[in-house]
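Read the structure below first, then the notes.
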Amino acid sequence: MYISELKLWNFRKYGSNGSFDLNNPDLIVPLTRGLNVLIGENDSGKSAILDAIKLVLKTHAYEWIKVEKEDFNNETDKLRIELEFSGMSDDEAKHFIEWLGWENEKIEEGKFEKRPKLILIYQAEYRNNRVIPSDVKAGMDGTGHLLNADARDYLKCTYLKALRDADSELTAKKNSRLSQILQEHHLFKKIGGIKHDFENQFKLINDEITNDFKVDEQNKGYKAKIKDVIDDFIEGFIDDKHKGEFSFGNTDIKNILEKLSLGIEEQNGLGLGTMNRLYMATELLHLRKENWDGLKLCMIEELEAHLHPQAQMKIIEKLSKEKDIQFILTTHSPNIASKVDLKSLIICKNSDVFPMGEDYTLLGEEIKNGKYENSYNYLKRFLDVTKSNLFFAKGVIIVEGWSEEILIPEIAKKIKNDLTQNEISIINVGSVAYLHFAKVFFRSDNKDMKIPVAIITDLDLREYEREKQNNEYKYFKQDIKNHGSKLQEKEKEILDKENVSVKPFISSIWTFEWCLLKSESLSLIFKDVLKNIHSTTFSNCISEADWEVGLASILLSKSIKKTEIAYQLSEKIKTMTELNFKSDDTMYYLVKAIKHACNEN
């Protein structure tokens with residue numbers, strides 16, 4: 001059993017100007033078995049999704065969870081939450097017989113079977129300046145019937161909040177979280193009023209220590225030096241009929257478990273990261289209980305709290321292997337985003353969600369009739385921590401190499417479009433495989449992520465060719481024609497689908513470096529850098545033809561030191577006050593790309 005879908009009406013940021021239409025939820029979140037990871041920038045609605053689920057299910061931690069005025073969207077007076085459960089076994093379904101419906105569930109490709117389905121409904125209203133909550137109902141008719149306490153007990157979830165105080169939760173104290181977790185385990189349930197083994201053992205120890213304070217049989221001094229002194233004061237403060245008593249208190253199992261702490265064997269002074277992992281492991285005990293027919297759901301907010309990147313990776317890998325447990329996580333971590341199966345990600349953006357599963361994206365399609373591999377397979381290998389920044393950005397610039405990645409941020413600053421301030425990510429794909437990354441933003445569900453994506457690439461129309469004559473290369477200028485048609489072909493090659501947000505920006509001439517050489521704004525400082533790095537090639541250049549042949553020679557021989565050139569050029573650009581590119585400048589395609597990514601059209 002797992003939550004297959006969440007629907008929200010007027011809950012926090014998810015609302016539609018006060019309207020309330022049961023046929024049109026303000027948010028639908030499809031969820032899968034196993035791992036679901038909600039990612040996105042701050043205030044994108046990740047926590048609201050978890051909180052909505054908690055409101056309906058409640059948690060094993062017995063938290064006080066209720067609807068507040070702030071949970072209603074934009075002064076609306078009614079909110080609604082629906083949870084749909086699928087994948088129910090017969091043993092799980094038997095607890096909800098009177099509330100169940102039926103659905104066609106996919107068993108294997110092309111084969112379906114009728115299986116039980118459960119929908120929970122929670123609705124609250126705001127009237128006369130106070131919240132009017134209701135009970136959780138269940139049913140298939142949109143109204144439902146009251147879900148009793150026994151049934152609800154099988155639907156509690158495990159929840160770990162952000163910035164978990166793991167040390168406090170695992171330390172011995174009254175109603176400690178550790179004691180609550182252990183009390184839920186069948187090993188600590190008392191059957192038929194029979195005392196638990198721990199209770200019998202603890203009573204013997206308790207009686208022995210209590211007696212040591214009452215009788216100094218071996219002259220230990222506990223009675224004479226401690227209890228008698230206290231009793232003397234009590235007699236003066238109250239009367240001689242009152243005596244103090246030392247004990248461990250009640251010897252029932254609850255009291256005993258509250259005296260337990262949990263740590264790591266042979267280790268003291270544990271740090272926040274280790275304690276956090278220990279706490280998560282302890283909470284997951286709920287979901288490994290034997291003969292448990294209830295919901296196995298764990299929600300973790302900001303998994304990365306207090307954890308270094310390698311620890312995050314290890315935890316995600318472990319959770320991914322837990323096939324019988326549904327996990328719903330929130331994160332801001334590119335490390336986690338790069339480690340998780342792309343199909344498990346759900347991007348929260350613009351008051352909506354964008355699942356990355358095959359039913360919602362074009363990532364599963366072959367590119368260009370099978371010329372390139374499935375994008376899921378490609379990104380599984382190449383979507384590293386740096387590239388995962390694209391999931392959190394307000395705009396994305398996809399480039400082919402280090403030169404563009406190094407120079408574009410500096411150029412952007414000089415044209416007053418600072419990428420950092422605009423929260424724009426540059427994704428260096430290191431090749432021409434930009435479509436694999438761009439397809440993250442292409443949706444088969446026709447939803448627009450509204451994230452501007454600029455793909456920057458070269459026209460790759462050579463302006464020089466070379467021939468070997470007498471063991472020496474000669475360079476010949478080509479008669480280049482039809483730049484316009486070549487640009488159109490390149491655009492069609494990059495994007496086989498029209499998309500308002502995802503756009504290609506292609507150099508008007510050969511390569512990025514060729515555009516720098518021909519740029520009215522950057523040519524002079526670019527030539528200075530070329531002279532400095534490739535002095536043998538460029539030291540005697542006088543005419544423009546000399547510079548062209550020199551650059552063509554290092555481009556065609558692949559001896560050009562692109563990264564070093566880019567670093568030195570970026571340092572020179574930093575010293576400039578501003579850059580003013582005219583519309584006919586060969587670098588103007590970069591200006592258009594930057595402005596598109598910054599949503600400045």
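Data overview
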{"quantity": "Percent RCO, i.e. relative contact order, over the chain, from Cα pairs under 8 Å lying at least 6 residues apart", "calculated": "13 percent"}
{"quantity": "Under 5 Å, built H, 5+ apart or other chain: amide partners of Lys349", "calculated": "Phe354"}
{"quantity": "Peptides ranked, highest mean first, by Cβ atoms within 10 Å: ranges 185-192, 579-586", "calculated": "579-586, 185-192"}
{"quantity": "In segment 311-366, the trypsin sites (Lys or Arg not before Pro) that fall in loop regions by DSSP, at most 11 other Cβ within 10 Å", "calculated": "Lys321, Lys323"}
{"quantity": "Principal axis dimensions, the chain - Cα atoms, whole angstrom, descending", "calculated": "115, 66, 50"}
{"quantity": "Helix-only CD estimate at 222 nm, as mean residue ellipticity for the chain, using -39500 (n - 2.57) per DSSP H run (n ≥ 4)", "calculated": "-9000 deg cm²/dmol"}
{"quantity": "Among 537-550, 159-172, 446-459, the order from most to least packed when residues are scored by Cβ within 10 Å on average", "calculated": "446-459, 159-172, 537-550"}
{"quantity": "Paramagnetic label zone (point 7 Å from Cα along Cα-to-C-beta, Gln469; backbone N under 17 Å) in segment 551-565", "calculated": "553"}
{"quantity": "Cβ-placed point charges (K, R +1; D, E -1), dipole of segment 182-257 about Cα centre in debye, nearest 20", "calculated": "340 debye"}
{"quantity": "Amide H contacts under 5 Å for Ile398, placed H, 5+ residues apart", "calculated": "Ile427, Ala454, Ile455, Ile456"}
{"quantity": "Relative packing of peptides 239-247, 3-11 - highest average C-beta neighbours within 10 Å first", "calculated": "3-11, 239-247"}
{"quantity": "Over segment 182-257: Rg over Rh, Cα atoms, Kirkwood Rh", "calculated": "1.14"}
{"quantity": "For segment 14-91: relative contact order, % (alpha-carbon pairs under 8 angstrom, 6 or more apart)", "calculated": "34 percent"}
{"quantity": "Mean-position separation - Cα centroids, segment 338-363 and segment 505-571, in angstrom", "calculated": "41 Å"}
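Read the figures in this text as sums done on the coordinates, not as results from a lab. Keep in mind that this is a model prediction, so the values were computed, not measured. When we count neighbours, we look across all protein chains shown, and the Cβ atoms used for this are built from the backbone with ideal geometry, even at glycine.
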